[in-house]
Amino acid sequence: MTLMAVQGLRKAHGERLLLEIDALMLVRGATYLLLGENGAGKTTLLRILAGLEQAQSGAFVFDGVRYDRAVERARLAPRMIYLHQHSYLFHTSVIANIEYGLKLRGVPGRERLELVRKEMEWAGISHLADVPPQKLSGGEKQRVALARARVLKPELLLLDEPTANLDDVAREQVADLIRQMRDANNCVLIATHDRDLMTLEGAIRLSLESSRLRIG
Ligand SMILES: Nc1ncnc2c1ncn2[C@@H]1O[C@H](COP(=O)(O)OP(=O)(O)OP(=O)(O)O)[C@@H](O)[C@H]1O
Ligand SMILES: [Mg+2]
């Protein structure tokens, strides 16, 4: 049931203690909302989980195996994917961006394109196939990044302010993606200030306050 378990996570910047989390359990099929004011450490926590940042201490178990070093956790991609609020896209093409992970996985070309086409349709970006990624609007980029993550079917998806740049249709799609992830027994952890996402049915609230994580 438990997909990721963290114990004794401590992160400080010099004198300033940012995170002191005794225990965090992320369960398959659950959705978590990570709440807290600006600067509370939400992005930092997501980045630490994804192995993009080192903590001073902490034990990290993913699917029953220890990955205490950040570099080890980073290698868990695409089983665990972190989606940055301002996603970085390769300057290739929209299709190349979305199919990149599938290519690494060795999915054959024809099947790849079929999957990519489906994701582009889902994300409402089929008409953008020929636009250079760096010319896309913020929300369009975010849609490409969501499609790129979704196509890989991660077991743990870490979303950092996923709706910040999105219009109403796309926001509803994000909510939809989260429900689909849950229905497929995967896990989503979302850092957000978005009141709409906070009403997601069944979501478990985690609040970061004074470096501590409070559940509920
Ligand atoms: N290298 C550093 N040295 C000192 N302080 C740092 C450093 N890096 C980050 N911080 C601080 O750590 C805090 C946590 O930032 P973080 O981005 O995790 O917050 P957040 O909860 O995601 O906020 P927001 O809601 O604004 O996205 C911030 O106050 C930031 O200034
Ligand atoms: Mg943040």
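In terms of its C-alpha gyration tensor, region 20-113 comes out prolate, because a/c is 1.5 or above and the ratio a/b outweighs b/c. Return one number: the angle in degrees, 0 to 90 and rounded to the nearest 10, between the long axis of the Cα atoms of helix 138-150 and the longest principal axis of the Cα atoms of the chain. Helix 138-150 sits roughly 80 degrees off the main axis of the chain. When +1 charges are put on Lys and Arg Cβ atoms and -1 charges on Asp and Glu Cβ atoms, the dipole computed for the chain relative to its Cα centre reaches about 600 debye.
Measuring between alpha carbons in the structure, the pairs from K11/K135; K118/K153; K11/K103; K118/K141 lying more than 25 angstrom apart are K11/K135; K11/K103. Region 24-44 and region 154-216 have Cα centres lying 8 Å from one another.
Ordering 103-109, 185-191 by mean Cβ neighbour count within 10 Å, with the highest value first, yields 185-191, 103-109.
Against the main long axis of the alpha-carbon atoms of the chain, helix 94-104 sits at an angle near 60°. Across all Cα pairs in region 98-140, the calculated P(r) in 10 Å bins from zero up to the longest distance comes to 27, 50, 23, 0 percent per bin.
Packing here is the average count of other Cβ atoms within 10 Å per residue, and on that basis the peptides 174-183, 192-201, highest first, run 174-183, 192-201.
Bridge orientation summary for the chain: considering DSSP beta bridges with both residues in this region, about 55 percent are antiparallel. For the chain, a Gaussian network of Cα nodes joined below 10 Å ranks S126, S87, S137 by mean-square fluctuation, and the top entry is S137.
Our analysis of region 85-216 gives Rg over Rh at 0.99, with the two radii drawn from alpha carbon positions and Rh computed by the Kirkwood formula.
Counting protein heavy atoms only, the chain has 50 percent of its accessible area on carbon and sulfur, 1.4 angstrom probe.
The packing ranking of peptides 117-125, 17-25, 143-151, highest mean first, is 143-151, 117-125, 17-25, where packing means the average number of other beta carbon atoms within 10 angstrom of each residue.
Accessible surface computed residue by residue for region 2-215, with neighbouring protein chains in place and a 1.4 Å probe, gives 49 Å² per residue. Take every Cα pair under 8 Å whose residues are at least 6 apart in sequence, average their separation, divide by the length of region 2-215, and the relative contact order is 30 percent.
The values are calculated or read from the model by the stated rules, or taken from the named source; none is laboratory data. From a predicted model like this one, the values you see are computed outputs, not experimental measurements. Please note: Cβ atoms are built from the backbone with ideal geometry, for glycine as well, and neighbour counts cover all protein chains shown. Side chains are part of the model used for accessible areas, which takes the heavy atoms of the whole protein and leaves out ligands, DNA and RNA. Shrake-Rupley method; radii C 1.70, N 1.55, O 1.52, S 1.80 Å.
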